[in-house]
Amino acid sequence: MSPIVIGIIGVIAVFLLLFLGMPIALALILVGVVGIWQIASLGAALPVTARTIFEVASHYPYMVIPLFIIMGSFAASSGMIGTLYNTFEKWLRWLPGGLGAATIAACGAFSAVSGSSVATSAAMGTIAYPEMERYNYASRLSTGTIAAGGTLGFLIPPSIGFVVYGMLTEQSIGRLLIAGILPGIVLAAVFIGIVVLMVLRNPSLAPPVTEKVSWKERIYSLAGVWEILAVFIVVMGGIYRGWFSPNEAGAIGATLLLLVALVKRKLNLSNLFTALRETVKVATMVLFLVSGATVFTYFLALSTIPTVLARSVAELDVSGYVILIIILLVFLLLGMFIDAVSMMVLTLPVVFPVIMELGFDPIFFGVICVMMMQVGLITPPMGLNLYTIAGTTRVELDEIFIGALPFVIPVFIVVALVIIFPEIALYLPRMM
């Protein structure tokens, strides 16, 4: 058989194995090794897995993943997310659906020190939902805002999504992280706008605003956000100014947040072990996913499928933006069934060469790629954020699904804005 035919069989085999329930990393490694064996030789295929896992684990940029994860764990342990929520609640209470708006804003701010959207959703589910329930907010609005706000952790730096994208495409992780700042702020603002519009359209979703907050209370509440702001400025400002690498920034941020937790006496041995355990769990998962994707990429490269596909797409008599939109629609469909990082690992080996052949900026594509992956976090039946919130709030899943759906549209709106005005994503990286 020709290499292309073997490659096509391999791609089909991966999806068949996933359908049968095999872990994604294992399916990619298995098909990759067998495919390399068929195209080259068994002697070429056997060393690939061990060498790849070692190279990925020892790859310098990979170390930023556990550092960003533990940053979020230390921030949560120190009680920062509760403080953030209280601060934004005082500033945004006057809006229709003010507690929902405060939830979105607090999620966005917490995302500035946490690379995990699931962790953000879990923390806000335990803090924001009881408060909104106490004020008689509709459960679908409450859970929908928490789910939507949680997705910001995948876009606003530090973001695991950008780190994985950078590793798979060999792009600058620092530039990618900086590129997510403005789109993240725009998306958070649009989410808040959606909350306000929903409540104006259907006042039964949230109670009318009765309690007023004085300016004195608002000003005093800002004292609770200085730690987050200071860490974000040090971490992202240092990357932006070129003072240190993303890895060094992650180490500095984790150290600063550890000190904050210790000074506040919020960190005990139980919290520390929980933070370390979650960090190892997520970092190991990403390690094997990226390793599996790398083995599979070697196989696809030998099959010449990405090269042939990129050349064929480039020769089509259609606009590159038409092809880009088709790719984004594929992301939307896959996101309903595959988690965000796994989808990135599965699709980028094939999609990225096409994007490069079409002449799109890889940083620009990285931003809209990560944003489309966000959608998968809040779309059934896979949406990880939805199941996380179901576990922390005890709300029925169908109610959470209904509440999250209105927040899918804002992601498309901001993706369209970034496509029309690429400088939203590229302005800050170009200034580095």
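The values are calculated or read from the model by the stated rules, or taken from the named source; none is laboratory data. The model shown is predicted, which means the values in this text are computed figures rather than measured ones. Every residue, glycine as well, gets a Cβ built from its backbone with ideal geometry; the counts of neighbours run over all protein chains shown.
Could you tell me which of the residues Ser73, Ser121, Ser142 is in contact (Cβ under 8 Å) with a residue 24 or more places away in the chain, within 15 Å of the chain's Cα centre (by Cα) and either farther than 19 Å from Ser221 by Cα or in a helix (DSSP H, G or I) (or both)?
Details: Ser73 fails: within 15 Å of the chain's Cα centre (by Cα); Ser142 fails: within 15 Å of the chain's Cα centre (by Cα).
When all the criteria are applied, what remains is Ser121.
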*Which one of the conditions (1) touching a Ser or Thr at 6+ places or on another chain (Cβ under 8 Å); (2) touching a residue at least 60 places away in the same chain (Cβ under 8 Å) does Glu133 fail to meet, given that it meets all the rest?*
(2)
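Could you check the stretch 263-279 and list, in sequence order, the residues that are exposed (fewer than 13 other Cβ atoms within 10 Å of the Cβ) and assigned to a helix (DSSP H, G or I)? Don't jump to the end; show me each part of the working.
Looking only at the stretch 263-279, we keep the residues that are exposed (fewer than 13 other Cβ atoms within 10 Å of the Cβ), and these are 263, 265, 268-270, 273, 277.
Residues satisfying the conditions are Val263, Leu269, Ser270, Phe273, Arg277.
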*asked:* I'd like the full set of residues that are under 21 Å from Asn86 (Cα atoms) and aromatic (Phe, Trp, Tyr), limited to the stretch 209-252.
replied: Trp215, Tyr220, Trp226, Phe232
*asked:* Just to be sure before I move on: is Glu217 of a type in the set (Asp, Glu), over 22 Å from the mean Cα position of the chain (by Cα) and surrounded by 15 or more Cβ atoms within 10 Å (Cβ to Cβ) in the structure I sent?
replied: no
*In the stretch 378-403, which residues are outside any loop (DSSP other than H, G, I, E, B), acidic (Asp, Glu) and either within 16 Å of the chain's Cα centre (by Cα) or under 21 Å from Glu131 (Cβ atoms) (or both)?*
Glu399
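Which residue, of Val186, Val225, is assigned to a helix (DSSP H, G or I), of a type in the set (Val, Ile, Thr) and within 19 Å of the chain's Cα centre (by Cα)?
On the way: Val225 fails: within 19 Å of the chain's Cα centre (by Cα).
The conditions single out Val186.
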*Starting from residues that are of a type in the set (D, E, K, R) and assigned to a loop (DSSP other than H, G, I, E, B), keep the ones in the stretch 280-320 and report whichever is surrounded by the most Cβ atoms within 10 Å (Cβ to Cβ).*
Glu315
*Give Glu217, Glu248 a once-over and let me know the one that is in contact (Cβ under 8 Å) with a residue 60 or more places away in the chain, charged (D, E, K, R) and in a helix (DSSP H, G or I).*
Glu217
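For (1) farther than 27 Å from Gly250 by Cα; (2) surrounded by fewer than 22 Cβ atoms within 10 Å (Cβ to Cβ); (3) of a type in the set (Gly, Ala, Ser), each residue gets a yes or a no:
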residue	(1), (2), (3)
Gly7	yes, no, yes
Phe19	yes, yes, no
Ile29	yes, no, no
Gly32	yes, no, yes
Pro47	yes, yes, no
Ala75	no, no, yes
Leu95	yes, yes, no
*asked:* Given the criterion part of a helix (DSSP H, G or I), over 20 Å from Leu287 (Cα atoms) and modelled with pLDDT under 80, identify the matching residue among Ala57, Ala44, Ala50.
replied: Ala44
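Which residues, counting only those in the stretch 221-262, are of a type in the set (Phe, Trp, Tyr) and at pLDDT below 80? Break it down into steps so the answer makes sense when it comes.
Narrowing the stretch 221-262 to residues of a type in the set (Phe, Trp, Tyr): 226, 232, 240, 243-244.
Listed by number, the residues that qualify are Trp226, Tyr240.
Report whether or not Thr347 is in contact with a helix residue (DSSP H, G or I) (Cβ under 8 Å, 6 or more places away or on another chain) and either over 22 Å from Leu152 (Cα atoms) or surrounded by fewer than 17 Cβ atoms within 10 Å (Cβ to Cβ) (or both).
Values: in contact with a helix residue (DSSP H, G or I) (Cβ under 8 Å, 6 or more places away or on another chain): yes; either over 22 Å from Leu152 (Cα atoms) or surrounded by fewer than 17 Cβ atoms within 10 Å (Cβ to Cβ) (or both): no.
Judged against the criteria, Thr347 is not a match.
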_Of everything in the stretch 288-308, what is in contact with a helix residue (DSSP H, G or I) (Cβ under 6 Å, 6 or more places away or on another chain) and hydrophobic (A, V, I, L, M, F, W, C)? Give them in sequence order._
Phe288, Leu289, Val290, Ala293, Val295, Phe296, Phe299, Leu300, Leu302, Ile305
_Looking at the structure I just gave you, is Ile363 over 19 Å from Ile156 (Cβ atoms) and either surrounded by fewer than 18 Cβ atoms within 10 Å (Cβ to Cβ) or among the hydrophobic types (A, V, I, L, M, F, W, C) (or both)?_
no
*Hey, among Ile338, Ile413, Ile368, which residue is in a helix (DSSP H, G or I) and buried (at least 19 other Cβ atoms within 10 Å of the Cβ)?*
Ile368
